[in-house]
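Each remark here refers to the structure printed beneath this line.
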2 protein chains.
Amino acid sequence: MEQKRILVVGLGLIGGSLAMALQGFEDFEVVGAVRSQSTYDKAAAKRAADRLTFDPAAELPGSDVVILCQDPAGIIAFLQEHRDRFKPGCLVWDVCGVKTAVMEAAKCLPEGVDFIGCHPMAGKEVSGIDNAEGGLFRNTHFIVTPGPRATKEHLDLLRRMAEHCRFGDVIVTTPERHDQMIAYTSQMMHVIAVSVCADEGLFSCKGFEGGSFRDCTRVAALDPAMWTQLFTLNAPALCRVVEDLEGRLRQYRQAIESGDREQLHSMLAHASDRKKHIDLERARGDDVRPSF
Amino acid sequence: MEQKRILVVGLGLIGGSLAMALQGFEDFEVVGAVRSQSTYDKAAAKRAADRLTFDPAAELPGSDVVILCQDPAGIIAFLQEHRDRFKPGCLVWDVCGVKTAVMEAAKCLPEGVDFIGCHPMAGKEVSGIDNAEGGLFRNTHFIVTPGPRATKEHLDLLRRMAEHCRFGDVIVTTPERHDQMIAYTSQMMHVIAVSVCADEGLFSCKGFEGGSFRDCTRVAALDPAMWTQLFTLNAPALCRVVEDLEGRLRQYRQAIESGDREQLHSMLAHASDRKKHIDLERARGDDVRPSF
């Protein structure tokens, strides 16, 4: 019997880290597909996969699991270009930060191919194989949006892979709910960070920054091409939460301007209590299914 | 000759940490003034000072350095109440996050008392003596706003204390410039964090939060009474930067809404480049005087 195979397409920060984290998973060989000689050399040097290839198409017919780790446009293009090369009965998943658009694109796959949308809530403000590490996913959320055809066998396989990668939990939800939630918890944080850093005063503030400034602006050092795609693919949900945020900032500003200390105190206490409460309650939310 | 004395008034997070960090500084005794029995017991248990007292007024005539670590209103009230008890020739400094209002209040001090406004850019999202630690200031900025009567001798003493506490550098600036800068680098970060946490959707987002969300909202768990004072005492500068931020958020939102990917990409690249640049250039700004 041939060895089972996981094909990781694209060895950037997430793909490279997944290939590293998945080595030794059950009886699977982990094959990493790269496009550039430079990524090949770096991936080989850090043993990012059991085997490397420049030709994912040739690997597809023999791959039991395919993990698509390109940028959003790359994932969508790959699904369309290679739709007929996937092994019947295989599991395909992706790591894209938006799910509705990717799930829609995956409809082009033939009936026997099971596509499950995934989003590892891990990342860094730096990208590429240079920064990949097998421990990247430790204690982070692994969000899964199964399509209507997802099999229990594949969901179980996915959970075992998530456990092997040391994710903190697996959250199962719909693509639509994922995209709504992520607009608020992740995309908006990036819009805030770039909006702060776009201030003309940025460079004159050196010497005056503390932990809160470093924390809030950390993700401003983002990859503009990838985040242009992510924002655009989730524009309605993202614009809604950013507009709401503008409104709340205005309310706080007006309370500060008004000089009404009692009102300002009560608004600050409200948010502070909520923050303390959610920290205490971490991991007891509706959609959270601590698995394994 | 009597032993020289540093009196730290108020052993909360900052005062307690300063009292701990300053122990062993040259030939000074560090005396901590507290108001509650509970703080006294905790400070005694962690040896937060060489000696503790409930009566700062009695210590003032024999104190060569007095450090005021109450909340802003407490500092201002203390200056007014005890103006005639300070030792002639002593150095008085405070740790308040706004400087113009405190420097104004310090004008009530008699001629021989040298008041220098200070702001240690260190903190945590938790407060009180329980969380105080001598290492809190390591590698943070120590901002100093000397008044017109500040002596070179006292500025040198202050630098030696800052070095003993392991601050990363000492930044000398005016109270007005401090308050402008801090509105942007610190106070606005707190307004952002509470504005994010005031969202109705906060509790339903559990399971979807990653590092950027935790980082951005960390400081939302603030002390409402203290931050009401800090925001109110710096209202014009703070409201200006928050209004500017609302405008930039709106610009990003409109670029996302418009579907003009080229424009969005260029706006994201602009902010991302600036963030990378300022990280590279850290500690080379106009006002930064790496001292010691």
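Every number here is computed from the coordinates shown, using simple stated rules; none is lab data. Keep in mind that this is a model prediction, so the values were computed, not measured. In this analysis, Cβ positions are derived from the backbone assuming ideal geometry, glycine residues included, and neighbour counts consider all displayed protein chains.
If R0 is 25 Å, what FRET efficiency do you get for A:H164 and A:K276 from their C-beta distance, rounded to 0.05?
Values: r = 34 Å, r/R0 = 1.37.
The computed FRET efficiency comes out at 0.15.
Put +1 on the Cβ of each Lys and Arg and -1 on the Cβ of each Asp and Glu in chain A; which of A:I75, A:G12, A:G259 then has its Cα farthest toward the positive end of the dipole?
A:G259
Modelling each spin label as a point 7 Å along the Cα-to-Cβ direction, I'd like the A:Q251/A:A73 distance in nm, to one decimal.
A separation of 3.9 nm, rounded to one decimal place.
In the neighborhood of B:D55, defined by Cβ-to-Cβ distances under 15 Å, what is the net charge if each Lys or Arg adds +1 and each Asp or Glu adds -1? Mind dumping the intermediate values first?
On the way: positive: B:R5, B:R35, B:R51, B:R85; negative: B:E59, B:E81.
Taking every other residue near B:D55 into account, the sum is +2.
Looking at the axis that maps chain B onto chain A, which chain B residue has the closest Cβ, and how far off is it in Å, rounded to a whole number?
So the chain B residue sitting closest to the axis is B:D215, 2.
Let's test the formula: R0 of 41 Å, r as the Cβ-Cβ distance of B:Q263 and A:D260. What FRET efficiency results, to the nearest 0.05?
0.55
If Rh is defined by the Kirkwood formula over all Cα pairs and Rg also comes from Cα, what ratio Rg/Rh do you get for region B:178-280?
On the way: Rg = 15.8 Å, Rh = 15.7 Å.
My calculation puts Rg/Rh at 1.00.
With N set to the residue count of region B:4-173, report its C-alpha Rg divided by 2.2 N^0.38 Å to two decimal places. Please list the in-between numbers first.
Values: Rg = 14.3 Å, N = 170, 2.2 N^0.38 = 15.5 Å.
So region B:4-173 has a normalised radius of gyration of 0.93.
Pulled fully out, how much extra length does the chain show between B:R149 and B:R240, if you take 0.36 nm times their separation in residues and subtract their Cα-Cα distance? Please report the intermediate quantities before stating the final value.
Numbers: separation 91, 0.36 × 91 = 32.76 nm, distance 3.11 nm.
So the extension gain works out to 29.7 nm.
If each label sits 7 angstrom from Cα along the C-beta direction, how far apart, in nm, is B:R85 from its counterparts in the other copies?
In nanometres, ordered from closest: 8.2.
Mind giving me the nanometre distance, one decimal, between the label points for B:E133 and B:E200, set 7 Å out from Cα along Cα→Cβ?
4.0
For region A:43-54, what does the Karplus curve 6.51 cos²θ - 1.76 cosθ + 1.60, with θ = phi - 60°, yield as ³J(HN,Hα) per residue in whole Hz, taken in order and with x for Gly and Pro?
With coefficients 6.51, -1.76 and 1.60, one gets 5, 5, 5, 9, 6, 5, 8, 5, 8, 10, 8, 9 Hz.
Debye sum, Cα scatterers, chain B, no solvent: what log₁₀ I/I(0) at q = 0.13 1/Å?
-0.95
Using a label point 7 angstrom from Cα along Cα-to-C-beta, what distances in nm, from shortest up, separate B:D279 from the other copies?
B:D279 label point versus its equivalents elsewhere: 2.4 nm.
Report relative contact order for chain A in percent, whole number only (criteria: Cα-Cα under 8 Å, sequence separation at least 6). Provide the component values of the computation, followed by the final result.
Numbers: 461 pairs, mean separation 47.1, N = 292.
That works out to 16 percent.
Compute the convex hull volume of the Cα atoms of region A:230-279, divide it by the residue count, and report the result per residue in Å³ as a whole number.
Spread over its residues, the Cα hull of region A:230-279 gives 81 Å³ apiece.
Nearest 5 percent is fine: what portion of the DSSP beta bridges confined to chain A is antiparallel? Spell out each step's value before the answer.
Values: 7 of 31 bridges.
Antiparallel bridges: around 25 percent, rounded to the nearest 5.
Taking B:K46 as the anchor, which lysines have their alpha carbon closer than 20 Å to its alpha carbon, excluding any fewer than eight residues away along the same chain?
Within the straight-line cut-off, B:K46 pairs with B:K124.
Testing the spin-label approximation: label points 7 Å from Cα along Cα→Cβ at B:S36 and A:R85. State their distance in nm.
Going by the 7 Å Cα→Cβ label model, 6.7 nm.
Return the Cα extents of region A:203-251 along principal axes one, two and three, sorted largest first, each rounded to a whole Å.
Extents along the principal axes, in whole Å: 38, 33, 17.
Highest GNM mean-square fluctuation, chain B, Cα pairs closer than 10 Å: which of B:C197, B:C90, B:C205?
B:C205
On a 0 to 90° scale, report how tilted helix A:188-197 is relative to the longest principal axis of chain A, with both axes built from alpha carbons and the result rounded to the nearest 10.
60
Residue by residue through region B:61-77, which ³J(HN,Hα) values in whole Hz follow from phi under the Karplus form 6.51 cos²θ - 1.76 cosθ + 1.60 (θ = phi - 60°), with glycine and proline marked x?
My calculation for region B:61-77 gives x, x, 9, 7, 10, 10, 10, 8, 10, 7, 6, x, 5, x, 5, 5, 5 Hz in order.
Considering the Cα trace of the protein assembly as shown, what is its radius of gyration and what is Dmax, both in angstroms?
When restricted to Cα atoms, the protein assembly as shown yields Rg and Dmax of 27.6, 92 Å.
For the pair A:T174 and A:F54, what calculated FRET efficiency results from E = 1/(1 + (r/R0)^6), where r is the Cβ-Cβ distance and R0 = 30 Å, to the nearest 0.05?
Values: r = 36 Å, r/R0 = 1.21.
Once the sixth-power term is evaluated, E becomes 0.25.
Starting at the first residue of region A:25-38, write each ³J(HN,Hα) from the Karplus equation 6.51 cos²θ - 1.76 cosθ + 1.60 with θ = phi - 60°, in whole Hz, x for Gly and Pro.
With the stated coefficients, region A:25-38 comes to 6, 6, 10, 8, 8, 9, 10, x, 9, 10, 10, 10, 4, 5 Hz.
Note the distances from B:G62 to each other copy's matching label point, with points 7 Å along the Cα-to-beta-carbon direction, in nm, sorted shortest first.
Label-point distances to the other copies, shortest first: 8.6 nm.
With each run of n ≥ 4 DSSP H residues scored as -39500 (n - 2.57), what mean residue ellipticity at 222 nm is computed for chain A after dividing by its residue count and rounding to the nearest 500 deg cm²/dmol? Spell out each step's value before the answer.
On the way: 12 runs with 132 residues, N = 292.
Mean residue ellipticity, 222 nm, calculated: -13500 deg cm²/dmol.
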